[in-house]
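Asker: Okay, here's the structure, questions in a sec.
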Amino acid sequence: MCAFSEAVQTWPAPDWSQPWNAPFAEDGASVRGACEQGVPLPQALTQRIGTAGPRFVPQTDLPEGVAYERFIFDTGSVPTREGLHDFFNGLVWMRFPATKRLLNRLQATEIAKAGVGQVRGPVRDAITLFDENAVLLQAPEELWEALIAREWTRLFVALRPLWAQARLVLFGHALTEKLVAPYKSITGHVYREPVPLALGDDLAAWDAWLAGRLTAAGLGAKPFTPLPVLGVPGWWPANEDPAYYTDAGVFRPRRAAPSADGAPVCFAGQPMTLPVSPSWSHLKLSQNADRAQLAAHFKASGVRDVECLFADVTGYPRGKLMPAASFAAGGELRICQAIPMQCVTGEYSYDPVFPDSDPDVRLMPDLATLKRSPWASTPRYLAVHDAYEMDGSLCEFAPRSVLKNVVARYTVLGLTPVIAPEIEFYLTAAMTDPALPLASPTGKGGRPEVGQSAFSLNALNELAPFWDAFHAAIDGLGIRADTWLHEVGENQYEINLLHGDPVAVADQAFLFKTAAREIALQHGLNAVFMAKPIAGQAGSSMHLHQSVVDAQGRNVFSNADGSASEAFFHYLGGLQSCTPDLMLIYAPTVNSYRRYVAGSQAPTNVQWGYDNRTAGLRVPVSAPVARRVENRLAGADANPYLAMAATLAAGLAGMEGKVQPTAPVEGNGYAQARGLPRTFDTAHEQMAASEHAPRLLGERFVRGYLAVKALEHDHFLNEISAWERRYLLPQV
């Protein structure tokens, strides 16, 4: 035997019959058997994993001075030493290849930002902790509640029968190495997000789910809770005796003060990580604040309720008011699955895609959005929520879910989309009769605005009380606004939001529109986001600037020499090929199509051009690092989650399919063929016949969306308009 195989003989032999080794037993026995026959460990691992994973190479292949994680990222090869530690690391690569690649990508990104120093920093420390010691848990809610509370006797004795419904998988290879020679105090770090029960015991599905969930920011918040793994029922004979769990040196009670690893806020038994963000820090609590601290903060601030919000298919806020104490305690909150697909008329579709049983979904808060409500008359907080099916999967009908699923497809590829909206809207006098046209409000000068005041600062100042209150509201909500301006229409305005993560930016756009409407009502005004609210005036749009960065933060639209990349052109090609089928997302109502008028700076086709506002896709002048595409198609009435999902999904489809765009248009883009549906009917028909839409946005969502829009249109057709009375009544 070679020297390496002799070294193998000195390793303690793992007991593959132990339950913690079960996921790795077949691969582990095969690799160890190969090593015992003289095959070096790197070669044995590479042979076993095949094309599904990286190549394992001897540790000597790692050049001096090159970071281990950076080498893996750059070469796709994993330096491997003799010994159990790297042996188990290889086995985890076999079962969780997508997650291991993601963790490596996150490490490489952090190294690119800060280099390799004596201190890794909190994010790299957390990624390493996950890689070395993480535990994944799929379990009923009662077990999660007891685990988070560290109520060990309840967890392992009173609730012991429920462990038959649970599955625990050790991800950390250092943890599995320790268990080769078990001892009572071996402790793993449970990742505080339940593995969905719907995934069953399919570890490939676990891997895909986990790779779509982990982020640097999320891991940096240390989303872990400790678990002495030999306390798990069936994992160690001694724990059959309840006295086993009375050893406080191992099964430590939760401390009253926040611990270093952070005590989670737990909602309906599902742990939620408090984010490292201004939205939490403004509460002046520690970032590891627990439920009791949150409840105490609410009580001290006189907060009685929390607005538990989500955007429905239109982008309108729906949800429930929840007592602040219940919110802080993690009380369960459910709502009918149909609510995210409620029509603007209040009706619901009976399309078979919606279950006749009208089941519930669970609302789970995104604590990064937890803010004081600026429009409430009494102290109140709000939080944007996700909708989850009872099996733990995202509700396919919720617009925020659609966007999150699109962003997840980028994440798997090591890419991050970046987006920034420009939102236009009108301020009008209060509407008391919907049969009458909207009127301009009276300004501080005592008269309504007359004529066009584009870019006028004086006109902005006419409604200063509203703007002062609105500024304060969006500042309090953490909405990152950039420039503000008076647009072309009378009392029409545009606000640009700063670029960022699509889900976070969509949340801001959603809350921006909500705040504008609420503050306007407080000042006797209406904030109007219809695409064409006033005849003879300009339409209102929501232009979307977008780019894509890689794991190092480099704009993939630009080559190293500053020229436009192939990915940039393919992204444009995807937008051009898919957008006509997605117009019902960008223009969701009959009113939307009144905006697309030649010569109005509203596009009528999907031509693209450099700094050309007559094209549907504009490429602004910029430095290579800021190269981006401005999609000018969406109206202000579009749901921001869905509009962003549609444009990002179309661009990604172009990059994946290497779709080539047309030549850039020069001169007047309106002279080109129209190329887009001109009416609601044709847009609906085109989406219904599309192969792109279900693939990009989800088959069930698209079917439900079409059903809702058809119902709204049927309702519209029952309405007799003023035009019909004005011209048809006297003449036909």
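The values are calculated or read from the model by the stated rules, or taken from the named source; none is laboratory data. Since this is a predicted model, take the numbers as computed values, not measurements. Here the Cβ is made from the backbone with ideal geometry for all residues, glycine too, and neighbour counts use every protein chain on show.
Asker: Sort out which residues of segment 351-404 are β-branched (V, I, T) and farther than 16 Å from M341 by Cβ, and write them in order of number.
Answerer: The answer is T369, T378, V384.
Asker: State which residue is nearest to A481 (Cα to Cα) when the search covers only segment 387-406 and only residues that are among the hydrophobic types (A, V, I, L, M, F, W, C) and either modelled with pLDDT of 90 or more or buried (at least 22 other Cβ atoms within 10 Å of the Cβ) (or both).
Answerer: So, considering only residues that are among the hydrophobic types (A, V, I, L, M, F, W, C) and either modelled with pLDDT of 90 or more or buried (at least 22 other Cβ atoms within 10 Å of the Cβ) (or both), the one nearest to A481 (Cα to Cα) is L403.
Asker: Kindly evaluate A383 against the criterion of being exposed (fewer than 15 other Cβ atoms within 10 Å of the Cβ) and in contact (Cβ under 8 Å) with a residue 40 or more places away in the chain.
Answerer: no
Asker: While we're here: For P275, state whether it is assigned to a strand (DSSP E or B) and at pLDDT below 85.
Answerer: no
Asker: I would also like to ask the following. Go through (1) in the same structural domain as T514 (by TED's automatic domain parsing); (2) touching a residue at least 24 places away in the same chain (Cβ under 8 Å); (3) within 30 Å of Y426 (Cα to Cα) one by one and return the number of the condition T662 breaks.
Answerer: (3)
Asker: Have a look at I72, I127, I111 and point out the one that is touching a helix residue (DSSP H, G or I) at 6+ places or on another chain (Cβ under 8 Å) and touching a residue at least 60 places away in the same chain (Cβ under 8 Å).
Answerer: Details: I72 fails: touching a residue at least 60 places away in the same chain (Cβ under 8 Å); I111 fails: touching a residue at least 60 places away in the same chain (Cβ under 8 Å).
None of the others qualify; the one that does is I127.
Asker: Another question, if that's okay. Within segment 408-419, does at least one residue satisfy the condition of being part of a helix (DSSP H, G or I), of a type in the set (D, E, K, R), over 26 Å from the mean Cα position of the chain (by Cα) and under 30 Å from Y641 (Cβ atoms)?
Answerer: The answer is no, given that none of the residues of segment 408-419 is part of a helix (DSSP H, G or I), of a type in the set (D, E, K, R), over 26 Å from the mean Cα position of the chain (by Cα) and under 30 Å from Y641 (Cβ atoms).
Asker: Under 7 Å between Cβ atoms, which residue pairs at least 6 apart in sequence (or on different chains) link something in segment 162-183 that is of a type in the set (D, E, K, R) with a partner that is not in a helix (DSSP H, G or I)?
Answerer: R167/Q138; R167/D201; K178/I186
Asker: When the residues of segment 344-366 are narrowed to those that are polar (S, T, N, Q) and in contact (Cβ under 8 Å) with a residue 12 or more places away in the chain, which ends up surrounded by the most Cβ atoms within 10 Å (Cβ to Cβ)?
Answerer: Out of the qualifying residues, it is S349.
Asker: Shifting gears a bit: Just give me the residues in segment 479-511 being buried (at least 22 other Cβ atoms within 10 Å of the Cβ), within 18 Å of the chain's Cα centre (by Cα) and among the acidic types (D, E), in sequence order.
Answerer: Scanning segment 479-511 gives a single hit, D507.
Asker: Next question, about the same structure. Here's a check for you: in segment 421-465, which residue that is charged (D, E, K, R) and over 37 Å from the mean Cα position of the chain (by Cα) is modelled with the highest pLDDT?
Answerer: Of everything passing the filter in segment 421-465, D433 is modelled with the highest pLDDT.
Asker: Out of G667, G651, G675, report the one residue that is over 22 Å from the mean Cα position of the chain (by Cα) and closer than 29 Å to G315 by Cβ.
Answerer: After ruling out the rest, the residue left standing is G675.
Asker: Answer yes if at least one residue in segment 328-336 is within 20 Å of A707 (Cβ to Cβ), touching a residue at least 24 places away in the same chain (Cβ under 8 Å) and surrounded by 20 or more Cβ atoms within 10 Å (Cβ to Cβ), and no otherwise.
Answerer: No, because not a single residue in segment 328-336 is within 20 Å of A707 (Cβ to Cβ), touching a residue at least 24 places away in the same chain (Cβ under 8 Å) and surrounded by 20 or more Cβ atoms within 10 Å (Cβ to Cβ).
Asker: Please enumerate the residues belonging to segment 659-675 that are closer than 29 Å to S558 by Cα and either at pLDDT 95 or above or assigned to a loop (DSSP other than H, G, I, E, B) (or both). Write out each step before concluding.
Answerer: Step one: filter segment 659-675 for residues closer than 29 Å to S558 by Cα, giving 659-670, 672, 675.
If the condition is that a residue be closer than 29 Å to S558 by Cα and either at pLDDT 95 or above or assigned to a loop (DSSP other than H, G, I, E, B) (or both), then V659, Q660, P661, T662, A663, P664, V665, E666, G667, N668, Q672, G675 are the ones that fit.
Asker: Is there a residue being in contact (Cβ under 8 Å) with a residue 12 or more places away in the chain, in a loop (DSSP other than H, G, I, E, B), assigned by TED's automatic domain parsing to the domain that holds G478 and over 27 Å from the mean Cα position of the chain (by Cα) anywhere in segment 512-522?
Answerer: Among the residues of segment 512-522, not one is in contact (Cβ under 8 Å) with a residue 12 or more places away in the chain, in a loop (DSSP other than H, G, I, E, B), assigned by TED's automatic domain parsing to the domain that holds G478 and over 27 Å from the mean Cα position of the chain (by Cα), which makes the answer no.
Asker: Check segment 682-697 and report whether any residue there is among the basic types (K, R), assigned to a helix (DSSP H, G or I) and touching a residue at least 24 places away in the same chain (Cβ under 8 Å).
Answerer: yes
Asker: Taking segment 665-678, which residues are at negative phi and either loosely packed, with under 15 Cβ neighbours inside 10 Å or of a type in the set (A, V, I, L, M, F, W, C) (or both)?
Answerer: V665, E666, N668, A671, A673, R674, L676, R678
Asker: If you don't mind, another one. Could you please let me know if R70 is over 25 Å from K178 (Cβ atoms) and either of a type outside the set (A, V, I, L, M) or part of a strand (DSSP E or B) (or both)?
Answerer: Details: over 25 Å from K178 (Cβ atoms): yes; either of a type outside the set (A, V, I, L, M) or part of a strand (DSSP E or B) (or both): yes.
Answer is yes for this residue.
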